[in-house]
Structures are given as C-alpha cells and as structure tokens.
Amino acid sequence: MENVVLTVHLILALLLIGVVLLQRSEGGGLGMGGSGTGVMTGRQAANALTRLTWALAAGFIVTSLTLTVLAAHKAGGSSVFDSLFEAPPAATAPAAPNVELPPPAVDAPVAPPAADAPVTPPAAN
C-alpha cells in the first residue's frame, strides 16, 4: 500500500513540476504569441494550466498526508525523543546452562583435630 501511494506521489510531483514549468511567468500560460484564432487561446490555456496545477497540487498534498499517516501507523507510537531519553535496559547476566553435575565423591569423614593437639602448618613442597 505504501509503495503504491509513494509511486503516485512521485508521479504527481513530476507532473506538477512539468505543468509549472510550462506556465509563463507573467501568467500567460501557453500563450506564446500569435493570433487567438487557434484551438486554445492564450487565456484558455492559462485557465486550463491553472486548474491542472491546482488539481495536481491537491493530489500531491493528499498523497503527502497519506504517506505521513502510513508512516505514523508503522512507527507504532514510538518517538525518536522517547528512545533518546529512556534509560538503557539493565544488563543481565546470561542464565547458567542447566548442566547435570555428578554426585560428590564419598570419602571417609575427616575427624576434627583434638582440642589439645598442636596445630601443625601444612608441609611445603
């Protein structure tokens, strides 16, 4: 839908440029001299080009508004300013993988030293 409206918008823009360039700066339109006995006189050509310019301009404005509405709908209500001023998400540590650990080895229980026995430092290797 958006591509169709954009294509129509671009075609209208090019046609509008062409019609404006066809008009004379004094408002004469296609009346480039000569007699007024042709199919269209200078005044009739100016009226036709003026009406065509207004019609193309109205179509251009309608497609501009349509593209704006489509872009706003696609944005989903978020704003550029909202993304600038919101705090970044807190960094969370990745979850530890669920790994099965083997059961602890069963050794003989170590008896605590007797209360009156001297404490010896570990042997140096």
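Quick notes on this one:
- Selection count, segment 51-72, where residues are touching a residue at least 24 places away in the same chain (Cβ under 8 Å), farther than 14 Å from V4 by Cα, surrounded by fewer than 15 Cβ atoms within 10 Å (Cβ to Cβ) and not aliphatic (A, V, I, L, M): 0
Condition check ((1) over 33 Å from the mean Cα position of the chain (by Cα); (2) at pLDDT 70 or above; (3) of a type outside the set (A, V, I, L, M)) across all residues:
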| residue | (1), (2), (3) |
| --- | --- |
| M32 | yes, no, no |
| V39 | yes, no, no |
| A45 | yes, no, no |
| A48 | yes, yes, no |
| T63 | no, yes, yes |
| H73 | no, yes, yes |
| G77 | no, no, yes |
| A117 | yes, no, no |
| A124 | yes, yes, no |
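- Of all residues making up segment 1-22, the number that are surrounded by fewer than 11 Cβ atoms within 10 Å (Cβ to Cβ) and touching a residue at least 24 places away in the same chain (Cβ under 8 Å): 1
The values are calculated or read from the model by the stated rules, or taken from the named source; none is laboratory data. All figures in this text were calculated on a predicted structure; none of them were measured in a lab. No Cβ is skipped: glycine too gets one built from the backbone with ideal geometry, and neighbour counts run over all protein chains shown.
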